[in-house]
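S.K.: Encoded as structure tokens, here's the structure I'll be asking about.
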Amino acid sequence: MKTKRWLPSRFNAMSQADNGELILYNSYTGAIATFTPEEKPIILSALKREGVSGELSDTLLPLVDSGFLVPDDVDEDARARFLHQSLHRTDTMHLIVMPTEACNFRCTYCYQTFPRGNMNPEVQEGLKQFIAQKANSLQHLSISWFGGEPMLAFDIIGELSESILETTAKHNINYSAEMTTNGYFLTLEKFRALLNWHVRRFMITIDGMKEFHDARRFLTGGGGTFDTIIGNLKAIKAEIDKDEDFEIYIRINFDEDNLDNVKPFIDYLADLFGNDRRFQTFCRPVGRWGGEHDGDLPICDHRVAETKIWEFTEYGMDKGLPMSSIVESAIMPTGSVCYAAKPHSFVIGANGQLYKCTCSLNEDFNHVGRLLPDGSMDIDYDKVAFWVTGGEDKDANCQACFFRPACQGNHCPLYRVRTGKRPCTFEKKKIKQVLRLIWKQNQIQEAEQLETIERS
Amino acid sequence: MKILKPAISPQQAAN
């Protein structure tokens with residue numbers, strides 16, 4: 001009988017914790033584990049290219065369950081392809097809804113052109129009908145409220161949410177919602193209403209202290225916005241029940257102009273929101289995203305940007321501001337596949353125009369169909385195929401990459417088509433650093449839990 | 001070995 005042989009998975013990555021422990025991660029299973037300095041040499045030996053043969057010791061057996069070691073007859077390429085196919089399940093749907101395409105801000109780096117206002121009543125009706133007609137086959141529905149500035153159309157969000165909640169409750173569908181908002185209209189009263197409408201995750205961008213933020217994220221008439229946004233967030237922190245479940249990702253877009261202000265700003269945020277796990281940071285470099293001022297933007301050199309993201313993130317963690325949960329979910333299997341590349345995801349414009357991508361709204365190849373008032377969708381499947389079938393299957397480098405199951409070569413199909421370059425994620429580029437930060441965040445949370453237990 | 005994140009199946013991942 002042939003001796004059983006185990007090989008290290010090609011989807012492994014490893015890092016080292018601050019206390020010398022080994023951190024191991026697998027992008028196909030999403031498992032992350034740590035090993036003591038005593039276990040480390042045994043583990044590293046088992047993960048050598050030649051693998052291990054025969055019966056596995058108690059130390060090595062868990063490596064199989066987590067996917068770090070795989071039987072030598074397993075086709076990991078087939079695993080990755082199967083994972084890709086699993087995105088074609090028809091019982092999940094993600095809709096990015098633009099209740100308005102207008103915005104009260106005119107941010108310097110914005111790529112949008114704000115061609116129209118509120119969603120037409122017939123499009124609203126079409127959306128309600130579409131979800132009602134799909135309900136029988138759905139198990140999971142997630143809605144991202146987007147725009148424009150979605151809070152300009154707060155009443156429409158309410159009207160649509162009430163209908164969606166009724167439909168999803170009736171059909172026992174797992175429903176979740178999130179919102180990308182500038183935070184200007186996010187008053188306490190409206191925040192409470194949004195929570196009732198199951199909007200639980202909010203991305204709100206603040207680009208530094210008042211003088212920095214107001215110089216780049218200002219009102220259409222030029223007025224400042226910092227004080228209003230911070231005032232709203234302070235009220236939410238002070239007045240919303242401590243046990244209420246939500247996450248606010250404070251996104252900080254940085255470039256050469258505000259680079260030196262990010263840490264002082266994080267200090268300021270930590271004073272206001274530190275040690276409340278619901279307020280989290282999400283740092284990203286400003287890019288040339290297609291706006292009219294692209295040529296004037298003082299964007300960071302990409303090497304600086306890729307380092308600073310994690311430097312700022314860790315700085316926040318040290319001050320009591322957690323890293324956004326987006327980061328950890330981005331390294332899970334399929335976690336970095338863009339919505340534009342997922343078969344059951346659509347962007348719905350205020351006029352019923354259907355898109356795949358939120359960042360190329362004026363490009364013909366992104367106009368993939370139309371939502372009709374009766375709830376049907378008129379879809380150009382050739383255009384959809386362009387977004388959904390690119391990525392790993394046409395890129396040999398992606399096929400050989402440890403991160404393949406997480407992004408499938410499709411983190412940003414738009415970046416690939418515009419630049420001809422591979423759209424690797426910031427997480428993948430600094431995976432050792434990211435794994436260390438996930439370990440560190442875990443340590444901080446455990447210490448907090450211990451403190452809570454001791455107090456009670 | 002301490003597990004920070006458990007392994008999940010392709011079906012769970014695709015939710």
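The values are calculated or read from the model by the stated rules, or taken from the named source; none is laboratory data. Given the structure is predicted, the values throughout are model-derived calculations rather than measurements. Positions of Cβ are backbone-derived with ideal geometry, glycine not excepted, and every protein chain shown enters the neighbour counts. With ligands, DNA and RNA removed, areas are computed over all heavy atoms of the protein, side chains included. Shrake-Rupley method; radii C 1.70, N 1.55, O 1.52, S 1.80 Å.
Condition check ((1) within 28 Å of A:I331 (Cα to Cα); (2) away from chain B (no Cβ under 14 Å); (3) open to solvent by less than 20 Å² (accessible area, probe 1.4 Å)) across all residues:
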site: A:S376; (1), (2), (3): no, yes, no
site: A:V384; (1), (2), (3): yes, yes, yes
site: A:W387; (1), (2), (3): yes, yes, yes
site: A:K394; (1), (2), (3): yes, yes, no
site: A:K428; (1), (2), (3): yes, yes, no
site: A:Q433; (1), (2), (3): yes, yes, no
site: A:I453; (1), (2), (3): no, yes, no
site: A:S456; (1), (2), (3): no, yes, no
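S.K.: Does A:A102 meet the test of being without any contact (Cβ under 8 Å) to a residue 60 or more places away in the chain, closer than 30 Å to A:R284 by Cα and surrounded by 18 or more Cβ atoms within 10 Å (Cβ to Cβ)? Explain how you work it out, then say what you get.
M.R.: On the way: without any contact (Cβ under 8 Å) to a residue 60 or more places away in the chain: yes; closer than 30 Å to A:R284 by Cα: yes; surrounded by 18 or more Cβ atoms within 10 Å (Cβ to Cβ): yes.
It is true that A:A102 is without any contact (Cβ under 8 Å) to a residue 60 or more places away in the chain, closer than 30 Å to A:R284 by Cα and surrounded by 18 or more Cβ atoms within 10 Å (Cβ to Cβ).
S.K.: Return the residue satisfying two criteria in turn: it lies in chain B and is of a type in the set (S, T, N, Q) and assigned to a loop (DSSP other than H, G, I, E, B), and of such residues it is farthest from the chain's Cα centre (by Cα).
M.R.: Checked chain B; the qualifying residue farthest from the chain's Cα centre (by Cα) is B:N15.
S.K.: Something else about it: If you check A:S142 against the conditions, is it surrounded by 16 or more Cβ atoms within 10 Å (Cβ to Cβ), in contact with a Ser or Thr (Cβ under 8 Å, 6 or more places away or on another chain), within 30 Å of A:L186 (Cα to Cα) and within 11 Å of chain B (Cβ to nearest Cβ)?
M.R.: It is true that A:S142 is surrounded by 16 or more Cβ atoms within 10 Å (Cβ to Cβ), in contact with a Ser or Thr (Cβ under 8 Å, 6 or more places away or on another chain), within 30 Å of A:L186 (Cα to Cα) and within 11 Å of chain B (Cβ to nearest Cβ).
S.K.: To continue, here is another question. Residue under question is A:E166, and the condition is that it be over 16 Å from A:R278 (Cβ atoms), free of Cβ contacts under 8 Å to residues at least 12 places away in the same chain and open to solvent by 40 Å² or more (accessible area, probe 1.4 Å); does it hold?
M.R.: yes
S.K.: When the residues of the range A:203-235 are narrowed to those that are assigned to a helix (DSSP H, G or I), farther than 20 Å from A:D267 by Cβ and not small (G, A, S), which ends up most open to solvent (accessible area, probe 1.4 Å)?
M.R.: Going through the range A:203-235, the residues assigned to a helix (DSSP H, G or I) turn out to be A:210-214, A:226-235.
Remaining after also requiring farther than 20 Å from A:D267 by Cβ: A:228, A:232, A:235.
With not small (G, A, S) added as a condition, the list becomes A:228, A:232.
Details: A:T228: 51, A:N232: 21 Å².
Among them, the one singled out is A:T228.
S.K.: Next question, about the same structure. Counting only residues that are acidic (D, E) and closer than 23 Å to A:G274 by Cα, which one in the range A:297-326 is least open to solvent (accessible area, probe 1.4 Å)?
M.R.: First, the residues of the range A:297-326 that are acidic (D, E): A:301, A:306, A:311, A:314, A:318.
Next cut, closer than 23 Å to A:G274 by Cα only: A:311, A:314, A:318.
Values: A:E311: 61, A:E314: 32, A:D318: 99 Å².
That would be A:E314.
S.K.: Do we have A:G183 as closer than 23 Å to A:Y339 by Cα, buried (at least 20 other Cβ atoms within 10 Å of the Cβ), in the same structural domain as A:D214 (by TED's automatic domain parsing) and not polar (S, T, N, Q) here? Write out each step before concluding.
M.R.: Values: closer than 23 Å to A:Y339 by Cα: no; buried (at least 20 other Cβ atoms within 10 Å of the Cβ): yes; in the same structural domain as A:D214 (by TED's automatic domain parsing): yes; not polar (S, T, N, Q): yes.
Criteria not met by A:G183.
S.K.: Out of everything in the range A:1-35 that is modelled with pLDDT of 95 or more and among the β-branched types (V, I, T), what residue ends up being surrounded by the fewest Cβ atoms within 10 Å (Cβ to Cβ)?
M.R.: Ranking the qualifying residues of the range A:1-35, first place goes to A:I23.
S.K.: Say we look at the range B:2-15 and pick out the residues that are more than 14 Å from A:N442 (Cβ to Cβ) and at pLDDT 85 or above; which of these is farthest from the other protein chains (Cβ to nearest Cβ)?
M.R.: Of the residues in the range B:2-15, the ones more than 14 Å from A:N442 (Cβ to Cβ) are B:7-15.
Pick out the ones that are also at pLDDT 85 or above and you get B:7-10.
Values: B:A7: 4, B:I8: 5, B:S9: 8, B:P10: 4 Å.
The extreme case among them is B:S9.
S.K.: Output the number of the condition that A:E39 fails; it satisfies all remaining conditions of (1) more than 10 Å from every other protein chain (Cβ to nearest Cβ); (2) among the charged types (D, E, K, R); (3) more than 28 Å from the chain's Cα centre (by Cα).
M.R.: (1)
S.K.: So, in the range A:83-109, of the ones that are within 14 Å of chain B (Cβ to nearest Cβ) and among the polar types (S, T, N, Q), which residue ends up farthest from A:S161 (Cα to Cα)?
M.R.: A:Q85
S.K.: Hey, can you tell me all the residues within the range A:287-306 that are at pLDDT 95 or above and closer than 16 Å to A:N261 by Cα?
M.R.: Within the range A:287-306, A:P298, A:C300, A:V304, A:A305 qualify.
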